[in-house]
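Below: one structure, written as structure tokens.
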């Protein structure tokens with residue numbers, strides 16, 4: 001594993017600490033991916049909040065359902081650092097559908113996503129603080145298979161960590 005930002009990865013409904021994204025991050029940077037029971041949103045938020053305190057990440061990444069958890073953590077002030085949301089599902093989960101101000105949040109969404117409409121991320125990117133929120137649309141699917149396969153996802157994580165004061 002190369003040195004790099006400490007990453008806390010919040011997996012999605014069908015993800016896990018053994019999933020493709022979790023393994024990609026773990027191969028390249030110090031990573032914590034707590035396993036969650038995704039049937040209980042509030043328990044997931046509490047688990048991730050506790051892990052933030054224990055692991056002390058530099059970047060928080062939430063994928064799909066995990067993106068909704070990350071948005072909630074931002075709103076509660078449990079996390080204030082740079083955040084990467086991957087095909088975020090906040091609008092689908094029925095939780096917060098905006099970003100708090102003053103937070104660096106990059107959102108990546110595949111234009112071929114058949115699970116969560118890219119328009120949800122477009123709407124979320126209109127909230128928060130202009131200049132701190134960035135939307136990156138990519139020619140990819142919900143799982144961002146191409147970005148995982150070619151390493152662009154880990155490059156984006158490193159770019160986010162470097163771009164944040």
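The values are calculated or read from the model by the stated rules, or taken from the named source; none is laboratory data. Note that the structure is a prediction, hence the values are computed from the model and not measured. So basically every Cβ, Gly included, is an ideal-geometry build from the backbone, and we count neighbours across all protein chains shown.
Restricting segment 14-37 to residues that are buried (at least 21 other Cβ atoms within 10 Å of the Cβ) and part of a loop (DSSP other than H, G, I, E, B), the residue that is modelled with the lowest pLDDT is 15.
Among residues that are modelled with pLDDT of 95 or more and under 21 Å from residue 42 (Cβ atoms), residue 97 is not included.
Quick grid of which residues meet (1) touching a helix residue (DSSP H, G or I) at 6+ places or on another chain (Cβ under 8 Å); (2) more than 20 Å from residue 155 (Cα to Cα):
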{"position": "8", "(1), (2)": "yes, no"}
{"position": "21", "(1), (2)": "yes, no"}
{"position": "25", "(1), (2)": "yes, no"}
{"position": "47", "(1), (2)": "no, yes"}
{"position": "71", "(1), (2)": "yes, yes"}
{"position": "78", "(1), (2)": "yes, yes"}
{"position": "82", "(1), (2)": "yes, no"}
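Of the helices (runs of 4 or more DSSP H) lying entirely inside segment 65-165, those containing at least 2 residues that are free of Cβ contacts under 8 Å to residues at least 12 places away in the same chain are 145-150, 152-163. Within segment 80-98, being within 19 Å of residue 49 (Cβ to Cβ) and surrounded by fewer than 24 Cβ atoms within 10 Å (Cβ to Cβ) holds for 80, 81, 82, 93, 95, 96.
Among the residues of segment 111-132, the ones that are within 13 Å of residue 85 (Cα to Cα) and out of contact with any helix residue (DSSP H, G or I) (no Cβ under 7 Å at 6 or more places or on another chain) come to 4 in all.
Filtering segment 46-64 to residues that are assigned to a loop (DSSP other than H, G, I, E, B) and free of Cβ contacts under 8 Å to residues at least 60 places away in the same chain leaves 56, 57.
The sole residue among 138, 105, 157 that is under 16 Å from the mean Cα position of the chain (by Cα) and farther than 18 Å from residue 69 by Cβ is 138.
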